[in-house]
Amino acid sequence: MSSAPVPEGAVEGVGVARVAHFETVAQQRQAATLGIWAWLITELLLFSALFLVALVVRIEHPEATIAAARHLKFWIGATNTVVLICSSLTMSMAIAFSRMGWQRAMVRAMLATAALGGLFLVLKGYEYYADWDEHMMPFLADRPFALAETPAARLFVNLYYVATILHAVHLLTGILILLGMTWMAARAGFLARHQNWIEVYGLYWHFIDLVWILAFPILYVVNRSS
Amino acid sequence: MSATGSVGGTARREPHAPESTLGRKPDYLHAESTLRSWFLTTDHKRIAILYLASITGFFVIGAVAAGVVRLALIVPNGAVMTNDTYNKAFTIHGVVMVWFFLIPSIPATFGNFLIPLMIGAKDLAFPKLNLTSWYVFMGGALFTLVSVVLGGVDTGWTFYAPLSTAFSNTWVLPALIGVTIVGFSSILTGLNFVVTIHTMRAPGMTWFKLPIFVWAHYATSLIFLLATPVITTALILLIMERAFHIGVFDPAYGGDPVLFQHLFWFYSHPAVYIMVLPGMGVISEIVPAFAQKKLFGYRFVAYASIGLASVTFFVWGHHMFVNGQSDLASLVFSVLSFAVAVPSAVKVYNWTATIHKGSLRLDTPMLYAMGYIGLFVLGGLTGLYLATLAINQHIHATYFVVAHFHYIMVGGTVLAFLGGLHFWWPKFTGRMYVEAWGRVSAFLIFLGFNVTFFPQFILGYLGMPRRYATYPPEFQLLNVLSSAGATILAAGYLFPMLYLVYSLWFGRRAPANPWNAKGLEWETASPPPAHNFLEPPEVPRIPYDYPIQAQETRDQHR
């Protein structure tokens, strides 16, 4: 939001085609931006409720939470944090390129963003595999829980799964939308008609990144202490 | 009747052909007539009609379930049906009425139809999203109906853990999934309204020229956006726990079921205002129109809407006074709950002050509105009883609570819904209903409602708990009275359905502004053309610019 979009028509071939029910292009841009922010506030509360539950579980069962959190793969989580921050960088570059009308560079930056998102999911998948291997999936009937002697550890582990799966679903959806949009954005004339799609989508991508930046300390870091 | 229907070669008889199509664009109902043009429409007015038809269907389902409950309670020993059937009946009633009727009722129908008209816009900001929200709504509803068809749910509409996660043997999962999905439709509607009200207002339509209806929907939309995601999370946690045993509430492992109640009521108390605020918006339009007088204290009513939407986020704990939360928490929640009375009372006083020395016409919408004001006051005052810690201990989870929230939800929201439906029916359909029938229906509903629910206040005060299939024999008289009232109420609901549908074919054609009301929606034709206004509407100097003005406004403009 900090840097305002380029004024309409400032760059050749970059702009937004007005849809009939809007009076002006500025109004249309404003509506799209406000719309995505409203959606992100909703998403923020969705995840906030989970973080609140994490807090409550930690307060009610500090010992069990620490025991469970020590089993999380800190370095995979940390690497994934870096991966997502890099993806936000490439997404920001895509937005900057779109404003300048550099379509080819923009498409490449978008593909890089999707690739980094994919890398995150691969690492996350490997982490789930390691969890499975260490008997850290208490909900599986055929694999006795590694921390069975502290029953409340289940609560934190379960919460970890709900939170990370919910985040992964957001990321996966984000990658699919991004790939679909990249496919459209590679065509001639896209930037003249839908430049603001890139801006609006970028906000969503940064948000998914931000949620992870909150989830990583709340799940992995805070609970390791003592 | 002149050259009706002969222009353009369409001699086919249609429900409501416009008077003359010469030199006039067809209205939104006749712009296109294929099935596809309805189910893939992005016109906010048509989507409103889709919603209206669907929520009417859900209302009938919920009302039938209520009938089953009242039937069971005619005898004290629960002999009419099994306890399981009884549990399922009140659960269906609650789930359908709350999630599939009350929450979308006014916003998704009137809000959808009227907000763009009232602010002078061609459509909502995101027309495709608007259509999507209807499909999401219907998809969620389908899941819930599947659970009903398969055999029902018995958890009550509140889905409290661990009953819903571990103990109930009924079809909880599809119901939970359905309610979760419907939440997204609420969010999309709220998002669309917020963006529309911010960005789509006609030139000159400043915030303090907006009708209170729009203010109320803005406040409601904020609640949609800020509260709904929290219940989504709570329901996702329930679904994960019930379906995959990935749970955080299970007491067997030290989980905290009261945590679920906190998350649930963090949404579900504000949801009360999702249901109430739009109704207040409707009343704020009807009362000035039928008093022909400027709304008293316009700015205060507008601020009170935002005030209610804000305070409501901090009172959820009053649902949990006896659930083991700390005394301090209960005390704070009690005090904050009392604060809700202030903006509510501001609205009631301003409506009554508007009526005072107005030029009253007691037509159907006004009868509903006056019924609303009276019943809302009773419902609101008994809410203060419940917010009082000591009294709450006595009447918690009794029929007193049931009566209280039905005075708000039915006496309030449903009456506002019906009042608004009659008020804007000419605008929606281009037809007038028979006024005398409308008045009869308003009286029937007011009478039936009070006979049904007033005895429940007494029952609750005497100690009859809610959700029980049996009761001591000395409560039978009041229960039979309540069930008898429900039959009057049922007749009162059925009657408008009949004469309103009748009016589609046989009603008198409606002029653009049958009530002599103010507001941009009355500036355009009835029914409006596909793009709402043929020429950009002129925004009035002040809102509610009625002939009779309160003293303060006269002073201001002197």
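The values are calculated or read from the model by the stated rules, or taken from the named source; none is laboratory data. Here the structure is a predicted model, which is why all the values come from computation and not from measurement. Neighbour counts are summed over all protein chains in view; Cβ atoms, including those assigned to glycine, are modelled from backbone coordinates with ideal geometry.
Kindly indicate the residue of the range B:116-139 that is within 18 Å of the chain's Cα centre (by Cα) and more than 13 Å from every other protein chain (Cβ to nearest Cβ) and also nearest to B:Lys427 (Cα to Cα) among those meeting that condition. So the residue we want is B:Trp134.
Looking at B:Gly204, B:Gly156, which one is in a loop (DSSP other than H, G, I, E, B), away from chain A (no Cβ under 14 Å) and at positive phi? Explain how you work it out, then say what you get.
Values: B:Gly204 fails: away from chain A (no Cβ under 14 Å).
Matching residue, one of B:Gly204, B:Gly156: B:Gly156.
Residue-level check: of (1) closer than 26 Å to B:Pro288 by Cα; (2) touching a strand residue (DSSP E or B) at 6+ places or on another chain (Cβ under 7 Å); (3) in a helix (DSSP H, G or I), B:Gly438 misses just (2). Taking residues in the range B:528-541 that are within 15 Å of B:Pro211 (Cβ to Cβ), and partners anywhere that are of a type in the set (Ser, Thr, Tyr), the pairs with Cβ atoms closer than 9 Å and at least 6 places apart or on different chains are B:Pro537/B:Thr524; B:Val539/B:Thr206.
When B:Val148, B:Val179, B:Val95 are screened for being within 29 Å of B:Leu73 (Cβ to Cβ), assigned to a helix (DSSP H, G or I) and at pLDDT below 95, only B:Val148 passes. Looking at the structure I just gave you, is B:Leu102 surrounded by fewer than 24 Cβ atoms within 10 Å (Cβ to Cβ) and under 27 Å from B:Leu173 (Cα atoms)? Judged against the criteria, B:Leu102 is not a match. Considering the range B:384-410, the residues that are closer than 20 Å to B:Trp157 by Cα and not hydrophobic (A, V, I, L, M, F, W, C) include one that is surrounded by the fewest Cβ atoms within 10 Å (Cβ to Cβ), namely B:His396.
Listed conditions (1) more than 14 Å from chain B (Cβ to nearest Cβ); (2) at pLDDT below 95 are all met by A:Ala141, apart from (1).
Here is a yes/no grid of residues against (1) among the small types (Gly, Ala, Ser); (2) crowded, with 19+ Cβ neighbours inside 10 Å:
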| site | (1), (2) |
| --- | --- |
| B:Leu444 | no, yes |
| B:Ile458 | no, no |
| B:Gly463 | yes, no |
| B:Pro472 | no, no |
| B:Val480 | no, no |
| B:Tyr502 | no, no |
| B:Gly507 | yes, yes |
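Quick one: A:Thr173 ticks every box in (1) polar (S, T, N, Q); (2) touching a residue at least 24 places away in the same chain (Cβ under 8 Å); (3) more than 10 Å from chain B (Cβ to nearest Cβ) except a single one, so which number is it? The one condition A:Thr173 does not meet is (2). Candidates are the residues of the range B:159-176 that are crowded, with 24+ Cβ neighbours inside 10 Å and not in a helix (DSSP H, G or I); the one that is modelled with the highest pLDDT is B:Phe159.
Condition check: surrounded by fewer than 18 Cβ atoms within 10 Å (Cβ to Cβ), within 7 Å of another protein chain (Cβ to nearest Cβ) and modelled with pLDDT of 95 or more. Does A:Leu34 satisfy that? When the stated conditions are applied, A:Leu34 passes them. Which of the residues belonging to the range B:189-217 are over 16 Å from B:Val539 (Cβ atoms), surrounded by fewer than 24 Cβ atoms within 10 Å (Cβ to Cβ) and among the aliphatic types (A, V, I, L, M)? Within the range B:189-217, B:Val194 is the sole residue that qualifies. Checked against the criterion of being within 14 Å of another protein chain (Cβ to nearest Cβ), closer than 20 Å to A:Leu214 by Cα, of a type in the set (Ser, Thr, Tyr) and crowded, with 17+ Cβ neighbours inside 10 Å, the candidates A:Thr81, A:Thr65 yield just one match: A:Thr65. Being of a type outside the set (S, T, N, Q), away from every other protein chain (no Cβ under 12 Å) and assigned to a helix (DSSP H, G or I): is that true of B:Ile236 here? So B:Ile236 fails the test.
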